[in-house]
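Reviewing the structure listed below.
The values are calculated or read from the model by the stated rules, or taken from the named source; none is laboratory data. Predicted model only: the values in this text are computed from it and were never measured. Glycine gets a Cβ as well: all are built from the backbone with ideal geometry, and neighbour counts include every protein chain shown. We work out accessible area using only protein heavy atoms, side chains counted, and drop any ligands, DNA or RNA first. Shrake-Rupley method; radii C 1.70, N 1.55, O 1.52, S 1.80 Å.
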Amino acid sequence: MSAIGSLVFCTDCGSLLDRATGPQQTELKCTVCGAICKDTSEKTIVTRSKPSAFPSSLRAKRSEIQTAPEGESESYPRTQVPCSKCGREEVGFYEMQLRSADEGSTIFYVCDCGNRWNENN
């Protein structure tokens, strides 16, 4: 019997043997030639990969803290909702669907004073 990774082959005919479910050194019988082979294959396979192995433009843009540049609220559409921090009557807003499709969207408000808050519809 020879083992390549987790694959076990018969040493007599080279056929792929069924994998043993018990401990190592289990005897396996070849269904093609009838030879008895000892299973010496590795029972545990560990695969590790680094996040950089699968590059993603979305992962590169993701950050724990997102900051808004000065005047960013000017680019948002405006609505008549008062800011709880400075009392301004008009603030910028944008909408995102964060929950499932059958639920309402989330409205994010941005005030010129830097205050941010959200409401679920």
Subject >> Label-point separation, Asn121 to Arg99 (7 Å along Cα→Cβ), nm >> reply: 1.2
**OP:** Estimate the FRET efficiency between Ser84 and Leu58 by the formula 1/(1 + (r/R0)^6), using the beta-carbon distance for r and 41 Å for R0, to the nearest 0.05.
**Re:** 0.80
Original post:
Label-point separation (nm) for Ile107 and Asp18, each offset 7 Å from Cα along Cα-to-Cβ?
Top reply: 6.4
Original post:
Using modelled amide H (1.01 Å from N, peptide plane; none on Pro or chain starts), what sits under 5 Å from the amide H of Thr11, excluding residues fewer than 5 places away?
Top reply: Ser2
Original post:
Quick one: how many Å² of Ile36 are accessible to a 1.4 Å probe, rounded to 10?
Top reply: 100
